[in-house]
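Below you'll find the structure, written out as structure tokens, and then a few comments.
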Amino acid sequence: MIVSLCLLLLCQLAGEAMARAARLPVPGPVIGMMLLFGLLLLRERLVFLPREMRNGSLAAVCRGLLQNLSLLFVPAGVGVVERLGLFERYGLALAVAVIASTVITMLVSLAAFRLASRLLTRDDDTAEIMQ
């Protein structure tokens, strides 16, 4: 269990170091997750990896973390409560920004879906004509 937790934290640390060193616009934990995914894909070929990656204890630790994921939101909630003055001052602007960004995201997703649907339909029609 300790080795599995250390492996998760090392991947996150490596991702954070890479993101900061290269000044990437991607968060370090996301890069760390991609590193862990790559290690999991190659776990049978890389002999230097700990046995926890092969025997299922990493999966068990991840399941345990996911079952208690709500606890990880406590620090964020405390941060919000500490900054209630900012919400009083900028609450309306924050609400408008959240609603507007949600609507814009939904519209862009809709446009992307419709474009992809048209392109795929056109490709299917072209394939049928050629047969």
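Read the figures in this text as sums done on the coordinates, not as results from a lab. Computed from a predicted structure; not experimentally measured. Quick reminder, even Gly has a Cβ in these numbers, built from the backbone with ideal geometry, and neighbours come from all protein chains shown.
With N denoting the number of residues in the chain, provide Rg(C-alpha) divided by 2.2 N^0.38 Å, to two decimal places. Display every interim value, and only then the final one.
Working: Rg = 22.2 Å, N = 131, 2.2 N^0.38 = 14.0 Å.
Relative to the 2.2 N^0.38 Å estimate, the chain comes out at 1.58.
How many times 2.2 N^0.38 Å is the alpha carbon radius of gyration of segment 1-67?
Numbers: Rg = 12.4 Å, N = 67, 2.2 N^0.38 = 10.9 Å.
Computed over Cα atoms of segment 1-67, the ratio equals 1.14.
When you count, for each residue, the other Cβ atoms within 10 Å and take the mean per peptide, how do 50-58, 66-74 rank with the highest first? Intermediate results must be reported in sequence, preceding the final value.
Values: 50-58: 15.6, 66-74: 8.6.
Packing proxy ranking, top to bottom: 50-58, 66-74.
Filter the DSSP H helices in the chain by two things, a Kyte-Doolittle mean of at least 1.6 and an axial alpha-carbon span of 27 angstrom or more, and list the hits by number.
Values: long enough: 2-22 (30 Å, 1.65); 84-130 (65 Å, 0.97).
Taking the DSSP H segments of the chain (at least 27 Å long, mean hydropathy at least 1.6), we get 2-22.
Let me have the 222 nm mean residue ellipticity of the chain computed from DSSP H runs of 4+ only, each contributing -39500 (n - 2.57), with the sum over all residues rounded to the nearest 500.
Numbers: 6 runs with 106 residues, N = 131.
Computed ellipticity for the chain at 222 nm equals -27500 deg cm²/dmol.
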